[in-house]
Amino acid sequence: MSKKSRKKSSKTSSGSSTAKKKTAKTRASTQARSATTQRTPASKSTGTIAKAGSHKAASKQLSSSKSASRPPAAARSGLAAGQKAPAFRLPRDGGELVTLADYAGRKLVLFFYPRADTPGCTREAIDFTRLADAFAAAGTAVLGISADPLKAQEKFRDKHKLGVPLISDETHEMLEAYGAWGQKSMYGKSFLGILRTTILIGTDGRVARIWRNVRVDGHADEVLEAARSL
């Protein structure tokens, strides 16, 4: 073989090798782009699924929140006049226990107030204290009930010199049984709380009269008249 032939052969082999390398690089680059393209939709799809799952979870949380905000069934029990008054056994200011049976054969007024030492509740408790002797003359006992702890009730009593027993129902059992616990709203927000309510129980142990959504002014006097006429 001549020198020229060997040179041509060498160039041809070299060129062929270089071309193969370029082809391999091109193929690898194409495959990499293809793989990236294929992965991208899958990533987006995963993101979409995650968002959908998150939306469902949020919906469940919202539904649970709405369910939690509904008043308990006991608060919607619809206690009505003529029904037997629900029994209770709770502590009063001073630490003694008070039960419905303690007032058997007597008329009894239960006034449920939202919170001790707030303006409306203070006026209401003072009004019932002012009329305590008149209620006693009418054969009627009076009890005030809220969810405040005993210490708060006693502080309330001492500060305003209240003369009616104050019951502490921190578990809301009595409040719910008498329909004095339920949905309230303030400043556009709904929440569960004590509904200002008064119940008059007759000597037979049955509910004689119910006042719901009580307006404090003149209320104690109205209850006294109802007790006298019973």
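The values are calculated or read from the model by the stated rules, or taken from the named source; none is laboratory data. Bear in mind the structure is a predicted one, so any value in this text is a computation, not a measurement. Neighbour counts run over all protein chains shown; Cβ positions are idealised from the backbone, glycine included.
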Within region 72-102, considering residues that are exposed (fewer than 14 other Cβ atoms within 10 Å of the Cβ) and among the hydrophobic types (A, V, I, L, M, F, W, C), the one modelled with the lowest pLDDT: ALA73
Residue within region 175-182 that is more than 13 Å from TYR113 (Cβ to Cβ), hydroxyl-bearing (Ser, Thr, Tyr) and either at pLDDT 95 or above or in contact with an Asp or Glu (Cβ under 8 Å, 6 or more places away or on another chain) (or both) present: no
